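To start, the structure itself, in structure tokens.
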Amino acid sequence: MALKKKAVSTSRGARSNGHAIVKPGSQDEALHLPTGGDRRRHTYRPPHVPPVEAVGLEERAASLAKRSIKKASKLEGLKMAISMMDLTTLEGKDTPGKVVAMCRKALRPHDRLDVPSCAAVCVYPNLVPVAKRALAGSTVKIASVATAFPSGQSPLKVKLDDVRRAVEFGADEIDMVIDRGAFLRGDYGKVFDEIAATKEACGRAHLKVILETGELGTYDNVRLASAIAIEAGGDFIKTSTGKVQPAATLPVTLLMLEVIRDYVDDGWRVIGMKPAGGVRNAKQALQYLCVVKETLGDQWLDPDLFRFGASALLNDVLMQIEKEHTGRYAGEDYFSKD
Amino acid sequence: MDTRLPVEKTYKLFIKGEFVRSESGRALAVPNESTGGITQVSRASRKDAREAVIAAKAGWHAWASKTAYLRGQILYRLAEVMEGRRAELCEARTQAGVSSDEAREEVDLAIDRTVHYAGWADKISILLSSTNPVAGPHFNVTSPEPTGVVAVVPPDGGATLLTLVSTVLPVIVSGNGAIVVAPERDPRTTIVWCECVATSDMPAGVVNVLTGLRSELVPQVAKHMDIHALDLWKSDTVDAELAKSASVDGAENVKRVKVRDAQSVDWASDDAQGLSFIEPWLELKTVWHPVGL
């Protein structure tokens, strides 16, 4: 089921279509309305993606979710899930204290020495310096949401400033949101341009592109948005902000992984995947790992290419690890809340 | 000739207000004394026990946050529903080998006991609270709160409906969530009683029932870190050894484990009810407050 990408068959990269990036602050920027002076914008042709067979997709996801993973492999899978976790707090009520506590938990999730650190913490830009201090000298990365998260409904200039500030503060990874409004009204060029501009603003920081699949409505849209995000330069594609239901689901993740696979098969650079929101328990985490392995293979079972965006998931995984060791079901009263 | 096939009841577990089969797919054959046949009853697994704990935890929070008065009203409603289902409860008991006369008598006692505990709901804290004299200018007030998630292993054999009601109701009347490991010999009666619970306005998860082998289920509930107390009644299916290992397992999370002998109680008498049965499943909270001017 390889994608046919006629429009980009020869050149690769963020500017493959050769169309202009919208200048921040231009008058028509807010809604990307066509003006007489800039006709090139209309030349953007979104990648051609075949429609998604929804029933087949959901059936395949459900069949992969049925794998039984027990004992030693379960334990290894759970530890792998922790090493891929972006421990996240994205609330209006976040405080430096909470972020520091979360960073400590990311560094050392459990007393057991064989339990690895999380991959990253994910916070708002204002709290990046706090996380930076708390994680100094460790391998745990700092991800920051930016681009007027979670709605993305701000002028591009503001979004790019948001990104630059987060990178200045020390973020290693930027989680951006696409403009779903633009996508749904068919202005794919604006979506592409903003991702490309954000990638540029990121500098050395990795870019994760949040599609907010719960707002895109159809699998076809998810596939198209994934393709645009990849072509525009995203290093990761990510399902959701966690603020909208439904967030990550297994079929949506499978679909996005298939898009990545199709691009990689076509010789594109490797792209990472991050389901976020809705992955709450250890069993689900193992199901996601199964889907990754069966779709993209062992190479993707790596924190550089697959992440979980989660807050509640870590404790459930820890409780399962504890249960595997002690033979008794653990209680959530025995694990720190944040 | 009557060609109609009767619709036989499938006896399932009762978890989170729903009647569900065991995730393990296993069943246990229980003899039906009134027909001479057998009934297949769900044989719960440790994962069912885990689900029951999650349900009981939610049930406890929902139930304890209701006013004591409302809990009493709902328990009274349970008695009403049991009254309406007397025939079914009697039938379940006769299937376990009890004569119809004995069954009727037992069901009456069980309903009366339910009304008894309905009356207790809003009187517990009045009787167990205190203002304590302390050396200083402080009010010192003690009041009872429910312990949390309590696993109840009621007596097996004997008047299983009466003992079920007499052991489960004193646990939940104060706001606890209960996980009941049903009597192995007569799980049917417990499930029929759950049908009364399910239609009594009691929040889902306050009462959860696991049917199956007690030798499998008791160690699981004793070990679980999210169960706060264990009410264990010794009988043929819970011997001294099982009771002892449950006490040891329960110590890991300082579970309150109470092991009692079912034979020591005359279940039909008034001695088998009252505050002394409620009190073990309460925690006393003491608050200091400055007297002021």
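The values are calculated or read from the model by the stated rules, or taken from the named source; none is laboratory data. Here the structure is a predicted model, which is why all the values come from computation and not from measurement. Reconstructed Cβ throughout: ideal geometry from the backbone, glycine too, with neighbour counts over all protein chains shown.
Just one of (1) in contact (Cβ under 8 Å) with a residue 40 or more places away in the chain; (2) within 16 Å of the chain's Cα centre (by Cα) fails for residue B:50. It is (2). Just checking, does the range B:191-210 include any residue being within 14 Å of chain A (Cβ to nearest Cβ) and in a helix (DSSP H, G or I)? Checking the range B:191-210: not a single residue is within 14 Å of chain A (Cβ to nearest Cβ) and in a helix (DSSP H, G or I). The C-beta contact set for the range A:322-336 (first residue charged (D, E, K, R), second residue surrounded by 15 or more Cβ atoms within 10 Å (Cβ to Cβ) and not in a helix (DSSP H, G or I), distance under 6 angstrom, 6+ apart or interchain) comprises A:322/A:330; A:323/A:329; A:323/A:330.
Does residue B:153 satisfy the criteria of being buried (at least 19 other Cβ atoms within 10 Å of the Cβ), in contact (Cβ under 8 Å) with a residue 24 or more places away in the chain and within 19 Å of residue B:116 (Cβ to Cβ)?
On the way: buried (at least 19 other Cβ atoms within 10 Å of the Cβ): yes; in contact (Cβ under 8 Å) with a residue 24 or more places away in the chain: yes; within 19 Å of residue B:116 (Cβ to Cβ): no.
Criteria not met by residue B:153.
Has the range A:282-304 got at least one residue that is within 14 Å of another protein chain (Cβ to nearest Cβ), part of a helix (DSSP H, G or I) and buried (at least 21 other Cβ atoms within 10 Å of the Cβ)? Scanning the range A:282-304, I find at least one residue that is within 14 Å of another protein chain (Cβ to nearest Cβ), part of a helix (DSSP H, G or I) and buried (at least 21 other Cβ atoms within 10 Å of the Cβ), so the answer is yes. Taking the criterion of being away from every other protein chain (no Cβ under 14 Å) and crowded, with 22+ Cβ neighbours inside 10 Å, the residues of the range A:312-338 that qualify are A:313, A:314, A:317.
When you look at residue A:241, is it of a type in the set (Ser, Thr, Tyr) and in a loop (DSSP other than H, G, I, E, B), yes or no? So residue A:241 passes the test. Does residue A:73 count as at pLDDT below 95 and either closer than 19 Å to residue A:302 by Cβ or exposed (fewer than 15 other Cβ atoms within 10 Å of the Cβ) (or both)? Against the criterion (at pLDDT below 95 and either closer than 19 Å to residue A:302 by Cβ or exposed (fewer than 15 other Cβ atoms within 10 Å of the Cβ) (or both)), residue A:73 does not qualify. When the range B:116-155 is filtered for residues that are in a loop (DSSP other than H, G, I, E, B), touching a Phe, Trp or Tyr at 6+ places or on another chain (Cβ under 8 Å) and not aliphatic (A, V, I, L, M), the ones remaining, listed by number, are B:122, B:147, B:148, B:154, B:155.
Within the range B:223-268, the residues that satisfy the criterion of being more than 14 Å from every other protein chain (Cβ to nearest Cβ), closer than 24 Å to residue A:326 by Cα and in a helix (DSSP H, G or I) are B:241, B:242, B:243, B:244, B:247. Annotation: residue B:30 fulfils all but one of (1) closer than 16 Å to residue B:177 by Cα; (2) in contact with an Asp or Glu (Cβ under 8 Å, 6 or more places away or on another chain); the unmet one is (1).
This table checks each residue for (1) in contact with a strand residue (DSSP E or B) (Cβ under 6 Å, 6 or more places away or on another chain); (2) surrounded by 16 or more Cβ atoms within 10 Å (Cβ to Cβ); (3) of a type in the set (A, V, I, L, M, F, W, C).
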| position | (1), (2), (3) |
| --- | --- |
| B:5 | no, no, yes |
| B:27 | yes, yes, yes |
| B:37 | no, no, no |
| B:65 | no, no, no |
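Yes/no per residue for (1) charged (D, E, K, R); (2) buried (at least 22 other Cβ atoms within 10 Å of the Cβ):
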site: B:185; (1), (2): yes, no
site: B:189; (1), (2): no, yes
site: B:196; (1), (2): no, yes
site: B:202; (1), (2): no, yes
site: B:207; (1), (2): no, yes
site: B:215; (1), (2): no, no
site: B:220; (1), (2): no, yes
site: B:225; (1), (2): no, no
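Would you kindly identify the helices (runs of 4 or more DSSP H) lying entirely within the range B:1-97 that contain at least 1 residues that are within 14 Å of another protein chain (Cβ to nearest Cβ)? Outline the logic, then answer.
Values: elements: B:46-64, B:68-84, B:86-95.
Helices (runs of 4 or more DSSP H) meeting the threshold: B:46-64.
Looking across B:218, B:168, one residue alone is closer than 23 Å to residue B:25 by Cα, among the hydrophobic types (A, V, I, L, M, F, W, C), modelled with pLDDT of 95 or more and part of a helix (DSSP H, G or I). It is B:218.
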